[in-house]
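Notes for the one structure printed next.
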Amino acid sequence: MASNRRGVGMSAFSNSAISADQYARHGQTLRSNHAEALANQLSVFQAALHNFSLTHAKDIRQNPQFRAEFARMCHAIGVDPLAGSNVKGSAGASGKTGSVWAKMLGSSVNDFYFELAVRVVEVCRETRAENGGMIAVSEMRKRIEKGRGIIGGGIDVTDDDIERALESLVPLGGGFKIVPLGSSRFIRSVPKELNLDQSTVLEVMQILGHVTVSMLQANLGWERARAIAVIDDLVADSLVWVDSQADETEYWSPAAMHDG
Amino acid sequence: MASSSSSPAPPTLTSAYAAPPPTSISSQIASTTFTFPTYTSFPPFYTLQPNLTTRARQLTLWSNLLTTYCAHHRLFKLSLSFLPANLFANPSIHRTLSQPDIRTVLDHLALPANGGRVEWIPTSSRSEKPNSCWVYWRTPAEWADAIYGWVDETGQKGAVLTVYEIREGEAVQSQEWRGMDEELLRKVLSVLVKRGKAQIFGQEETAGVKFF
C-alpha cells in the first residue's frame, strides 16, 4: 500500500502512475483470488447439495413446494435440473456443473418429471375427442391426481410441475404447448394453432361458460357471418360442444364438463 | 369376479366402455342415492353432437352413465315407455335427450364394437321397432361367470337348484344378480349350458338347473 497517496507535483505524477499499476495488479490478484474462492465455494456447495439431494430425494419427490423452490434455486444459479447438458449462465464453471447436476439429482427428480410428462401425454390423448386437444392445466392436474401409479398415488402434483414436465418434452418435438386463454393456461396437444378469432371466442367461453352467435355479435362487434364462421371452425375441431335446446344455439367449452 | 368380492377391481382405462367395477350388493343398497356424474349437468350432453369425434366421446359417456345407473338401481331392462325420469334428462337444467336421440344412443350401444352393453328385445311383430332393451351392466357371459363361480364356491356343483332359487333364494340375497328378470337369467343359464357347465330340466320356475 502506497504511503504517499496524495503526492504533489512531479513526484505525485510518478507516484500515481506507480499506484495505478499497483492497483491494476492488485485488482487482478483480487479477481483471480475471487474466482478461485468462488470455484472453491461452488465445489463445496456442489458437494453439500449432492448430499442434500440424496438425503432429501424423497422430499423433492413428494413435496411440491419444496420441489418448486429447488427448481427455482437451480434456475437462479444457472442450472437446469432436468436436462444436465442444457445449461444457462456463464460457460466456464457451469459447463462442468451442468453434467454434475444431472448425476447429482439423478434418478429421483428426473423420474418424477419424466413420469409426469408421460402421464400428461396420456391424458391429452384420452381427452382429445372430448376437448379437441385443448385442456386446462388445472383440469390436467385434477385428472392426474385422481389417477393411479406413482404419479397421483398420494404425491401432490402442482400446475407448476405440469408445466415443467411439458418443458422437458420440448426437445422431443411433439407439439405440446402452453396456451394462455384469458386468465387460464391451457395445454394444446394438437398441431393446429388457433387463430386470433378462435382464441378470442375460447377466451370469452372461459369467462362466460358458453356463447351464442348473438353474444359474439353484441360483445365483440362481429358480423354474423364472421361469428358463425369461427363457431363452425371450433365445432369442426371438436373444441366446443353444441347445446341446441336453448332459445338460441349455445356453444360450450368442455372445460367445465367434469368440474366437481 | 365371482360372488361378493369386497375389494373393487381397478377400472380398466383401456376399454372405453368398461363396466362398473364389481362391488358387493350391500354397498350398493346402502347408498341409495345415485351420484350423477358432473357431465350430466352439462347442457350439451343432451344434444347429439354434430362433430363425430365429439359424438363418439359423448356416446361413451352415455354408455358409462347407463351402465352405472342401471347397476346401482339393479335395473336389468329399460322400457322406452317407462324410462326413469332422470336417466336421459336433467330437469334442473331443463335438458332432455329426445326420444329419437335416445334410440340412437341405445342403437349405438347395442353394437358389439361399442361394448354390446345394450340388447334390444324383439317385439312380437317384425315391423315394430323394439321398445325395450336389456342393459348389460354385466354381459350374459359375465353373469354366467359370476353365477357359476358362486355355485362352485358354495360347493353346489352336482346339486340341483331351481331357477327361482338362483333368482330369489335366501342364499343369493347378497349377490348382484338377485332379482334378475327370469328371461335374462335363462339367457345366462343357456350360456352355461353351451359351455357344458350346466343342464336345465323341467319348465317354468320349477325348472331345475344342475351345474357341473
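Divide the volume of the convex hull of the Cα atoms of segment A:108-188 by its number of residues and quote the answer in cubic angstrom per residue. Display every interim value, and only then the final one.
Values: hull volume 7.1 nm³, N = 81.
Considering the Cα atoms of segment A:108-188, their hull volume per residue is 87 Å³.
When a/c is below 1.5 the answer is rounded, else prolate if a/b is larger than b/c, else oblate, so apply that to segment A:196-256 with a ≥ b ≥ c taken from the square roots of the Cα gyration tensor eigenvalues.
Numbers: a/c = 1.31, a/b = 1.16, b/c = 1.13.
Rounded.
Take segment A:163-260 with all the other protein chains still there, run a 1.4 Å probe, and you get 50 Å² of accessible area per residue.
If I compute solvent accessible area with a 1.4 Å probe over the protein chains, what percent of it on segment A:108-188 is carbon and sulfur?
Working: 1930 of 3610 Å².
Heavy-atom surface of segment A:108-188 belonging to carbon and sulfur, 1.4 Å probe: 53 percent.
Once B and A are treated as a pair rather than alone, how much accessible area drops out, both sides summed, in Å² to 100, probe 1.4 Å? It would help to have the intermediate numbers written out before the result.
On the way: alone 11140 and 15420 Å², together 24790 Å².
Summing both sides, the interface buries roughly 1800 Å².
What is the dipole size for segment B:116-212, taken about its Cα centre, with +1 at each Lys and Arg Cβ and -1 at each Asp and Glu Cβ, in debye to the nearest 20? Intermediate values should be presented prior to the final figure.
On the way: 13 positive and 15 negative charges, 92 e Å.
My answer is approximately 440 debye.
Under a cut-off of 19 Å between alpha-carbon atoms, report the aspartates and glutamates in cross-link reach of B:LYS129, not counting same-chain residues fewer than 8 places apart. Once the sequence-local aspartates and glutamates are set aside, what remains near B:LYS129 is B:ASP101, B:ASP107, B:GLU119. Per residue, the accessible area of segment B:20-135 comes to 46 Å² when a 1.4 Å probe rolls over the protein heavy atoms.
Equivalent-ellipsoid semi-axes for segment B:45-190 (Cα gyration tensor, √(5λ), whole Å, largest first): 32, 16, 15. Any idea what log10 I(q)/I(0) is at q = 0.11 Å⁻¹ for segment B:140-211, Debye with uniform C-alpha scatterers and no solvent? Log-scaled intensity ratios, in q order: -0.21.
The values are calculated or read from the model by the stated rules, or taken from the named source; none is laboratory data. The shown structure was predicted, so the numbers you read here are calculated from the model rather than taken from an experiment. Note: ideal-geometry Cβ built from the backbone for every residue, glycine included; neighbour counts use all protein chains shown. The protein model used for the area step is the full one, side chains on, heavy atoms only, and it has no ligands, DNA or RNA in it. Shrake-Rupley method; radii C 1.70, N 1.55, O 1.52, S 1.80 Å.
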